1. At 0.36 nm per residue, minus the direct Cα-Cα distance, what do Ser44 and Asp144 gain on full extension? Give it in nm, one decimal, please.
2. Using the basic label-point model (7 angstrom from Cα toward the beta carbon), what is the Ala92 to Ser185 distance in nanometres?
3. State which helices in the chain qualify, where a helix is a whole DSSP H run, it must extend 24 Å or more along its own axis by its Cα atoms, and its mean Kyte-Doolittle hydropathy must be at least -1.0.
4. Determine the sum of side-chain charges near Leu112: Lys and Arg each +1, Asp and Glu each -1, restricted to other residues whose C-beta is under 14 angstrom from that of Leu112.
5. Pop a pseudo-label 7 angstrom from the Cα along the beta-carbon direction at both Ile104 and Asp36 and give the gap in nm to one decimal.
6. State the extension gain, in nm to one decimal, for the chain segment bounded by Gln65 and Thr173, taking 0.36 nm per residue of separation less the distance between their alpha-carbons.
7. For a Förster distance of 41 Å, can you work out the FRET efficiency between the beta-carbons of Thr17 and Met85, rounded to the nearest 0.05?
8. For the chain, what does -39500 (n - 2.57) per DSSP helix run (n ≥ 4), summed and divided by total residues, give at 222 nm, in deg cm²/dmol to the nearest 500?
Amino acid sequence: MATHLAGANLMLPQAITRLKAERPKVRVVVREGLPDRLTAELASGEVDLIVGRRGQVAPDIPVRQLELYAEPFRIVCRRGHPALMLENPALAELQEFPWILPGIQTSLRGELAELFRREGAGLPEQQIECTLPLTVRTIVEETDYLAVLPQTLARTEPQLALLSTPLTGVSQTIVATYASGYSPSPSTALMLQHLRAAGARMGTEQSTEPVK
């Protein structure tokens, strides 16, 4: 199994632990990497399925995708950040701060660039490109950098605060992608069931928890 998404770090453990409780002898290997590499591994049969953002996976083989849940992205900063003193700041007002942005090879980076353009601003000049959740979290907690994280992940970090600035049109639908040329193995099929259940729980939390 492979993943290329920070938000999946919350859903995958739930699905994996339930799978292992039901089938303790099943071997589970989780790989993390960029979409291009993981899709090549899916095409070659090195991985059975990929959990990630819809639109990121485009292998040269027929695939099926199981929709798991959808959520928005939020701008995050450290507690006590100067941006928290601004009332409903627009993106243009946040441009002066340093940012951590996704890599240029990701679709999220393009969506953010387009959103900044629509708001009449370019991407922040002072920026770091990073997609590693732990690195992003540590830099944001210790500096004045802003970052964009999936809402569920952002809310689990007590040292982070969420800005009210909306990222209109920037959201993600999480899917499990697997090759359609053959039937999934019993273990893979069971994993898909647990992913679907974990995704349903995540979706319920998204719809019932108030936006902060």
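Quick note: the coordinates plus some simple rules give every number you see, no bench work behind them. Source: prediction; values computed, not measured. All Cβ positions, glycine included, derive from the backbone under ideal geometry; neighbour counts span all protein chains shown.
1. 31.7 nm
2. My value for the distance between the label points is 5.6 nm.
3. Counting only whole DSSP H runs, the qualifying helices are 186-208.
4. Neighbourhood net charge equals +1.
5. Taking the two extended label points, one gets 1.2 nm.
6. 37.8 nm
7. 0.50
8. Helices in the chain give a 222 nm mean residue ellipticity of -11500 deg cm²/dmol.
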